[in-house]
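Just below is one structure, and these are the notes that go with it.
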Amino acid sequence: MTDNLKQKLGFGILRLSTWLILFILFIILYDIISKGIGVISWEFLTTAPRSGMTEGGIWPAVIGTVLVTMITALFAVPIGVFAAIYLNEYASQGKLTRTIRMAIRNLAGVPSIVYGLFGLALFVKNLGLGTSVLSAGLTLGLLTLPVTITASEEALKSVPNSYRHGSLALGVSKWHTIRHNVLPNAIPGILTGAILGLSRAAGETAPILFTGAAFFLPRIPDSLGSQFMALPYHLYILSTQHHSIGVVRPIAYGTAFVLIVLVLILNLVAIFIRYRFRKNLSK
Amino acid sequence: MTDLRLEQEEIEISKKDKLTKYKEKGLKIFFLLNGILAIIVLAGIFYLLLSEGLPTFEEVSIREFFTSFRWNPTSRNPGYGILSLVISTLAVTIGALLFSVPVGIAAAAYLAEVARPKEREILKPVIEILASIPSVVIGFLGIVLLGPIIARTFGLSNGLNVINGSILLGVMALPTIISISEDAISAVPKEYKEASLALGTNRWHTLVKVTIPAALSGITAAIMLGMGRAIGETMAVLMATGNAPAVPRSIFSSIRTMTATIAIELGEVPFNTTHYHSLFAIGAVLFVMTFLVNLVSDLVLHKYGEGE
Amino acid sequence: MLQNSKEKIVIKDLNFFYNDFQALKNIDLKVPAEKITALIGPSGCGKSTFLRTLNRMNDLIDCTKVKGEVLIDGHNIYQKGLDVVELRKQIGMVFQDPNPFPKSIYDNVAYGPKAHGIKNKEVLDQIVEDSLKAAALWDEVKDRLDKSAMDISGGQQQRLCIARALAVNPDILLMDEPTSALDPIATAKIEELIKDLKEDYTIVIVTHSMQQAARVSDYTAFFLLGEVIEHGPTEKIFERPADERTEDYITGRFG
């Protein structure tokens, strides 16, 4: 075999592998969208499940997911940004900084079900928050934290040092420099990372299994202390735990469709912000 | 200029100097606390897993827990052996890697070395979309799409088994493996490649003999991280592997992983029973396993770049 | 040698270390007030590092150490408890590459005064105008003060950075190779400006161009391997250098 033929064959295999991944993604999206879109109606989106979840819609699950994701955002985004400010603007190289970074990388690898266990033991049991929107939101917040910290730090890192030095050399204090000359330029990057992290949190099931998600609760939660339905958990229930799985299959597809669309929209928004941001930076 | 100076001297600048100094110090401490939270959470997770998990061993011997195959906490003669769960977890993890490692590295090499820049700019976000698909949706497709295909192909009564779970986990590990491998391959200095190309070898030869070997530590880290994801993944394996806590006999056996066992049983046990504690003990084992895997990849990735 | 002029900055036995590497060795130097002092020497000789010890910008780098004294108006800026932020208000700095902030021209100049607590719009307007005039940029930008500072030319950006430094009313200006990123015409404009500014400011300028040092400065210090080999009136350094190494450098025999 000539070298040229080898190269053709080799690159062909690489290209084929890439296409295989695109094909898998296509199949996933195609199956959910083609079988789910027919189920979608105004009624499906805006009413509660009825008749043992064999009829009706998913309204409480939509609201539950939105609510719990908001709690996650309120918790994980500020702490993520603050921690990133410390790491990128204040920390000097040393043991403590290295330990913090190592902890963050390891937190990113902790299985989501372990976050569920932690949330159950800490928020539900020890802090007495019970199974609730709050417990689930905080648990998902912890899970999202490594993403928001890392993304915020990347965003801060991309702000040129000359902005900092230029400001400090004017006798402007460090915090004023960060607040007025660094953070504003990092906001798009921070937003991108935060949205990506939240889209992942919104789709998580394992961490909310024992911290607040309800099997069936045909109304929207009336406080942060109540249980809630969530789209991913609802999909899990409909596809494995329901007594007549065949009957509710269309509803399951509809739920999967809504969940996927929600996640895709969040991702597209994030990609769009990042694209705009890159263009602005390169100007 | 003198005008400017006089004018500015007349301006009353708020007397904030002392205050500013305290504010600056306070803010630094505040941000530091947020950073330290990461350490506290990691330590807290480990601490709570242990403190909730260790009471298991008041009733169950450590030996039984780690070496018995019998997991049946709700029987009249309860069994608390996690070995079959651990083996199940390892089985689907290895299955997942068999598929996702070659495909993932090939795709990473394609993105880094073969694809045109325009092509790469489109492909990368598309692969990121794969990473963002919720695991419950992947598990759902394992039930409604992949399961029936496997059942039909191999003439089984149902397709919820090791191979189904492996494929799903492989798909979920792919984005991690691709993105980190691609970073590693792209980071190989241009001089290496140019030196090889200048010797008259072609791009394929350079890729296989120079670039990939040079990126090997990064690729190893990518595989480890993918493995960590596969070990810890819950929903997909819970839904698509048949939910049978037994040692797999073949790739068509139904199984139940450690994560799936926790997910299924914890919702239904009363607090502070042995069963409850034992699920935390499984969580602790899981935590240690993924921690070690991540630590290895961390050491490989950050061996030289301590300064970042 | 410098007895006739008032000394603004006096450096006494200054040593500076990056980790174990000693970047500055036993520097003794006197910088006269309202004159231009040029620091010359081959790259890596420590002249930029030295410049940054004068407003303590080197504090921003980890693992550095300073020994010795820098007296500004008689006060040691390395004494314990000194407020670095206050110090830097007194000392403007212009960097090698123009580094305007991604804000409007107006906001770039007003940034410092605003940060220091000036809120009155009329006062700010006046400061912006005076600073831009002093930096010889006013006529070129007065009609587009709200335009982004990123969109003006490199030479204009550098004058904007000078205006930005002047706006906080310092009495010393440090310039780190301020024209190295500029074309000859923009360079000539900046040099003109620097000469005008010395009436009101004590200026220390690092330059890699001996011609520039000869053209603009009153005094020159020659750095080599972290040491001051020779310093004195520019004329004397260039025409009758006392040290052989200075002569070698000036006549282009090395570096």
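Hey, fewest Cβ within 10 Å first, where do A:H165, A:H176, C:H75 land in order?
C:H75, A:H165, A:H176
Using only helices, what value at 222 nm comes out for chain C when you add -39,500 (n - 2.57) per DSSP H run of length 4 or more and divide by the total residues, to the nearest 500 deg cm²/dmol?
Result for chain C: -10000 deg cm²/dmol, rounded to the nearest 500.
What is the extension gain from B:V126 to B:R152, computed as 0.36 nm multiplied by their sequence separation minus the C-alpha to C-alpha distance, in nm to one decimal?
6.3 nm
Quick check on packing: order C:162-171, B:182-191, B:292-301 by the mean number of other C-beta atoms within 10 Å, highest mean leading.
Going by the mean number of other Cβ atoms within 10 Å, highest first, we get C:162-171, B:292-301, B:182-191.
For a test of the definition: using alpha carbon positions, the gyration tensor, and the 1.5 limit on a/c, classify chain B as rounded, prolate or oblate.
Cα axes put chain B in the oblate bin.
Tally Lys and Arg at +1 and Asp and Glu at -1 over the other residues with C-beta under 15 Å from the C-beta of B:I133: what net charge comes out?
Residues near B:I133 contribute -2 overall.
Within 10 Å of each residue's Cβ, count the other Cβ atoms and sort A:I63, B:I262 from fewest upward.
A:I63, B:I262
Of the listed peptides C:107-113, C:178-184, what is their order by residue-averaged count of other C-beta atoms within 10 Å, with the highest listed first?
Ranked by mean Cβ neighbours within 10 Å, highest first: C:107-113, C:178-184.
Determine the shielding of peptide B:165-178 by partner chains: average, over its residues, the number of Cβ atoms on other chains within 10 angstrom of each Cβ.
Per residue, the number of nearby Cβ atoms from other chains is 1 on average.
Report, to one decimal in Å, the Kirkwood hydrodynamic radius for segment B:246-308 based on all distinct Cα pairs.
Computed over Cα pairs of segment B:246-308, the Kirkwood hydrodynamic radius comes out at 14.4 Å.
About the Cα centre of segment A:1-118, what is the dipole size in debye to 20, counting +1 per Lys and Arg Cβ and -1 per Asp and Glu Cβ, all else neutral?
It comes to approximately 560 debye.
Does segment C:202-255 come out rounded, prolate or oblate by the C-alpha gyration tensor, with a ≥ b ≥ c the root eigenvalues, rounded set by a/c under 1.5 and, if not, prolate when a/b is larger than b/c and oblate if not?
Rounded is the answer for segment C:202-255, as its axis ratio a/c remains below 1.5.
I need the calculated FRET efficiency for the pair A:L74 and A:R15, taking r as the beta carbon distance and R₀ as 41 Å, to the nearest 0.05.
Plugging the Cβ-Cβ distance into 1/(1 + (r/R0)^6) gives 0.40.
Tell me which lysines have Cα within less than 28 Å of C:K147's Cα, excluding those fewer than 8 residues away on the same chain?
Cross-link targets: A:K157, A:K174, A:K279, A:K283, C:K89, C:K103, C:K114, C:K119, C:K121, C:K133, C:K189.
Can you spot the lysines whose alpha carbon is less than 18 Å from C:K6's alpha carbon? Ignore those fewer than 8 places along the same chain.
C:K30, C:K35, C:K198
Along Cα→Cβ, 7 Å out, is where each label goes; now give me the distance between the ones at B:A244 and C:D151 in nm to one decimal.
7.1 nm
I need the calculated FRET efficiency for the pair B:I94 and C:D20, taking r as the beta carbon distance and R₀ as 51 Å, to the nearest 0.05.
0.55
Once label points are set 7 Å from the Cα along Cα→Cβ at both B:E58 and A:R219, what is their separation, rounded to one decimal in nm?
4.0 nm
Rounded, prolate or oblate: pick one for chain A, where a ≥ b ≥ c are the square roots of the eigenvalues of its C-alpha gyration tensor, a/c under 1.5 means rounded, and failing that, prolate if a/b is larger than b/c, else oblate.
Since a/c reaches 1.5 but b/c is at least a/b, the shape of chain A is classed as oblate.
Each label point is 7 Å from the Cα along the Cα-to-Cβ direction; what then is the distance between the points at B:T273 and C:D248, in nm?
About 8.8 nm, to one decimal.
Taking the Cβ-Cβ separation of C:A188 and C:K133 as r and a Förster radius of 25 Å, what is the calculated FRET efficiency to the nearest 0.05?
According to the calculation, E is roughly 0.85.
From the residues C:G154, C:I77, C:P32, which one has its Cα farthest along the dipole of segment C:27-165 in the positive direction, the dipole being from +1 and -1 charges on Cβ of Lys/Arg and Asp/Glu about the Cα centre?
Going by the Cα projections, it comes out as C:I77.
Mind checking which lysines have their Cα closer than 17 Å to the Cα of A:K8? Skip sequence neighbours fewer than 8 apart in that chain.
Leaving aside lysines fewer than 8 places away in the same chain, those within reach of A:K8 are B:K209.
Across the residues of A:227-235, average count of Cβ atoms on other protein chains within 10 Å?
2
State to the nearest 20 debye the size of the charge dipole of segment B:62-302 about its Cα centre, where the only charges are +1 on K and R beta carbons and -1 on D and E beta carbons.
460 debye
I'd like to know how segment C:7-250 sits against the 2.2 N^0.38 Å rule of thumb: what's its Cα Rg over that expected value?
Here the answer is 1.01, to two decimals.
Mark the label point 7 Å from the Cα of A:S244 along Cα→Cβ and return the residues of segment A:34-72 whose backbone N is within less than 20 Å of it.
A:39-40, A:44, A:48-58
Under the rule of -39500 (n - 2.57) per DSSP H run of 4 or more residues, summed and divided by the residues of chain A, what mean residue ellipticity at 222 nm is obtained, to the nearest 500 deg cm²/dmol?
Taking each H run of at least 4 residues, the total per residue is -22500 deg cm²/dmol.
Which whole number gives the average count of other chain Cβ atoms within 10 Å of the Cβ atoms across peptide A:93-103?
5
Values in this text are rule-based calculations from the coordinates and carry no lab data. Predicted, not measured: the structure shown is a model, and the values here were computed from it. Neighbour counts run over all protein chains shown; Cβ positions are idealised from the backbone, glycine included.
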